[in-house]
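Enquirer: There's a structure below that I have some questions on.
The values are calculated or read from the model by the stated rules, or taken from the named source; none is laboratory data. Because the structure is a prediction, the values reported are computed rather than measured. Here the Cβ positions follow ideal geometry from the backbone for every residue, glycine too, while neighbour counts run over all protein chains shown. Surface areas here come from the heavy atoms of the whole protein model, side chains and all, with no ligands, DNA or RNA. Shrake-Rupley method; radii C 1.70, N 1.55, O 1.52, S 1.80 Å.
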Amino acid sequence: MTNSTNSSLMQGPIKEELASVLGFNYAQFVGIRESIREVYLDNLQMCLSELGEVTEDWEVGGRSNQRPDEIERGRKAATDVFIYPGSRAAFTAEELAERTGTEVSVVATVLDLFSTNFATCDPVDSVRHFLDGEGPFFRASLISDGAGNFVTLSMPIGTDCFRHIVEGALKETPMWARYDRQRTRISETLSVEYLETILQTKATKTGFKYYAPKKNIPVARLTSAATDITSIGKEVEADALFLIEDVAICVEVKGRSISDGAKRGHVGRLSTDLERTIGEATLQAHRLEALIEQNQGLWQADRTWLSLDHVREIRSIAVCLDDMGPLATALDELIRSDIIGMQNSHGSSLCTI
């Protein structure tokens, strides 16, 4: 799902503008990412094949002493695979450019964005930064020697961080507002598509507007018999509503990202970000849920009544763009901390896309 989300975010009406700001498009990024993997595997396979040929020659020769050049050939292959793999695993922007047919400058831009180098720094500061969640490898998947050579670490570039790095590059540019709107729209679209696949049914309503009670107005006032809808209700929007037989599923999506400070464990920022994402999504879903439960229906934006008197069970789903990790299964802690308000809710689920 992550690849689909990233691809969708980098496409659309602002595709060319995004590429001009970042210096590459998503197709180029994927090509470079795959070529890094191919270079690593090809070089590894070449060394293993060399080692295998030398070993086979030794077996065929009755394990007798081999020629010096064969011994050296096997020794070098073994060294490259097991002892000093850096030279074998290293690659340059020029190599990747030749493989992908992409300009060297574009490849270099991608490599620089997803790499770190052997900067000289105080060891104590490095440990402190790591414990504060500021280690360089939370986002960097490559190491550069500063001379144009790169080595990949355990994960492909962009794993769990592509969007955050892209957003960091866009944050202070005029493109941010347009990107943010696209992020919201795509988050909602993909969430509905994924849920339709999981539930094996089409959403009954998507991106629809309805009337919710104004402040201090009881939900019960907005029944089918209400005549002063606009005076007691305010027009709000819901991202999706699924009706499956007598079950209603209210869906709210939040496309905001969790801030770097929250990810590093800053309690205040984490609390604020969770309230703005999980908290707001669940409150909005429960607002729709309350109308269905108490009034057996709701007033739509065109002032027509949507009857839901057949509904016997209601569930809410809050969808977030960021991976919440253990928080996604820690709903009881979120409820106790008032980040998710349950009131009279029948149940909530938290998902990430």
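Enquirer: Rank Met46, Met10, Met155 by accessible area, highest first, at a 1.4 Å probe radius?
Expert: Met46, Met155, Met10
Enquirer: Here is a further query. What does the net charge come to around Val311 if you take all other residues with beta carbon closer than 14 Å to its beta carbon, with K and R at +1 and D and E at -1? It would help to have the intermediate numbers written out before the result.
Expert: Numbers: positive: Lys205, Arg312, Arg315; negative: Glu245, Asp246, Glu289, Glu293, Asp309, Glu313.
So the surrounding residues net to -3.
Enquirer: Between Ser64 and Cys161, 0.36 nm times their residue separation minus their Cα-Cα distance comes to what?
Expert: 29.6 nm
Enquirer: May I pose another question? Cys121: accessible area at probe 1.4 Å, nearest 10 Å²?
Expert: 80
Enquirer: How big is Rg to Rh over the chain, alpha-carbon atoms, Rh as the Kirkwood inverse-mean-distance radius?
Expert: Using only Cα positions, Rg/Rh for the chain is 1.13.
Enquirer: Turning to a different aspect of this structure: Based on DSSP loop calls and a cut-off of at most 12 other Cβ atoms within 10 Å, the longest stretch of the chain free of exposed trypsin sites (Lys or Arg not before Pro) is what?
Expert: Numbers: sites that count: Arg63, Lys171, Lys202, Lys215, Arg303, Arg312.
Segment 64-170 is the longest.
Enquirer: Right, next: Rank these by accessible area, largest first, 1.4 Å probe: Thr197, Thr79. Walk me through the numbers on the way to the answer.
Expert: Values: Thr197 100, Thr79 35 Å².
Descending order: Thr197, Thr79.
Enquirer: Let me ask something else. Could you tell me which residue out of Gly255, Ile198, Leu270 lies farthest along the dipole of region 180-306 toward its positive end? Charges go on the beta carbon: Lys and Arg +1, Asp and Glu -1, centred on the Cα centre.
Expert: Checking the options against the dipole of region 180-306, the answer is Leu270.
Enquirer: Here's something else I'd like to know. Scan region 42-121 for chymotrypsin sites (Phe, Trp or Tyr not before Pro) in coil per DSSP, keeping those whose Cβ has at most 13 other Cβ atoms within 10 Å, and list them by number.
Expert: In loop regions of region 42-121 (DSSP not H, G, I, E or B), the sparsely surrounded chymotrypsin sites (Phe, Trp or Tyr not before Pro) are Phe118.
Enquirer: In the chain, once you exclude exposed GluC sites (Glu not before Pro) (DSSP loop, at most 12 other Cβ within 10 angstrom), what's the longest stretch remaining?
Expert: Here the longest segment lacking exposed loop sites spans 1-171.
Enquirer: Can I ask one more? Given region 25-146, what whole percent of its Cα pairs are spread farther than 19 Å?
Expert: 62
Enquirer: Just need the relative contact order of the chain here, percent rounded to a whole number, with Cα pairs under 8 Å and 6+ apart.
Expert: RCO, the chain: 13 percent.
Enquirer: If you place +1 on the Cβ of every Lys and Arg and -1 on the Cβ of every Asp and Glu, how big does the dipole about the Cα centre of the chain come out, in debye to the nearest 20?
Expert: That gives the chain a dipole magnitude of about 1300 debye.
Enquirer: Ok, one more. For Val311, what accessible surface area do you get with a 1.4 Å probe? Give it in Å², rounded to 10.
Expert: Val311 exposes around 20 Å² with every protein chain in place.
Enquirer: If we count every other residue with Cβ under 15 angstrom of Pro85's Cβ, Lys/Arg +1 and Asp/Glu -1, where does the sum land? Intermediate results must be reported in sequence, preceding the final value.
Expert: On the way: positive: Arg75, Lys76, Arg88; negative: Asp42, Glu50, Asp80, Asp145.
Taking every Cβ under 15 Å from that of Pro85, the sum is -1.
Enquirer: Kindly flag which residue pairs out of Lys15/Lys202; Lys202/Lys254; Lys15/Lys254; Lys171/Lys202; Lys15/Lys205; Lys171/Lys209 have an alpha-carbon separation exceeding 26 Å in this structure.
Expert: Flagged as over cut-off: Lys15/Lys202; Lys171/Lys202; Lys15/Lys205; Lys171/Lys209.
Enquirer: Let me ask you something else. Just subtract the alpha-carbon distance of Ile71 and Val21 from 0.36 nm times their residue separation and send over the number in nm, one decimal.
Expert: Contour length minus the Cα-Cα distance gives 12.8 nm.
Enquirer: Subtracting the Cα-Cα distance from 0.36 nm times the residue separation, let me have the gained length for Val127 to Ile229 in nm, one decimal.
Expert: Net length gain for the segment: 30.7 nm.
Enquirer: Moving on to the next point. Size of the dipole of region 63-139 about the Cα centre, Lys and Arg at +1 and Asp and Glu at -1 on the beta carbon, nothing else charged, in debye to 20?
Expert: 560
Enquirer: For a test of the definition: using alpha carbon positions, the gyration tensor, and the 1.5 limit on a/c, classify region 132-272 as rounded, prolate or oblate.
Expert: Because a/c hits 1.5 or more and a/b exceeds b/c, region 132-272 counts as prolate.
Enquirer: Given R₀ = 25 Å, FRET efficiency for Glu53-Thr120 by Cβ-Cβ distance, to 0.05?
Expert: 0.05
Enquirer: Suppose R0 equals 25 Å. What FRET efficiency, 1/(1 + (r/R0)^6) with r the Cβ-Cβ distance, do Gln294 and Lys202 give to the nearest 0.05? Show your work: numbers first, answer last.
Expert: Numbers: r = 26 Å, r/R0 = 1.06.
With R0 = 25 Å, the Cβ-Cβ based efficiency is 0.40.
Enquirer: Right, something else. Rounded to the nearest Å, what's the spacing between the alpha carbon centres of region 1-36 and region 165-221? Just the number, please.
Expert: First find each Cα centre; the distance between them is then 22 Å.
Enquirer: Based on the Cα gyration tensor of region 105-170, what are the three equivalent ellipsoid semi-axes, each the root of five times an eigenvalue, rounded to whole Å and given largest first?
Expert: Each semi-axis is √(5λ); the values are 20, 16, 11 Å.
Enquirer: Just to verify a number: what accessible area does Leu153 come out at with the full protein assembly present, 1.4 Å probe, Å² rounded to tens?
Expert: 70
Enquirer: Once you order the gyration tensor axes a ≥ b ≥ c over the Cα atoms, which shape class does region 165-240 get: rounded for a/c under 1.5, otherwise prolate or oblate by comparing a/b with b/c?
Expert: Working: a/c = 4.02, a/b = 1.63, b/c = 2.46.
In terms of gyration-tensor shape, oblate.
Enquirer: Report, in debye and to the nearest 20, how large the dipole of region 1-77 comes out about its Cα centre when Lys and Arg carry +1 and Asp and Glu carry -1 on their Cβ.
Expert: 260
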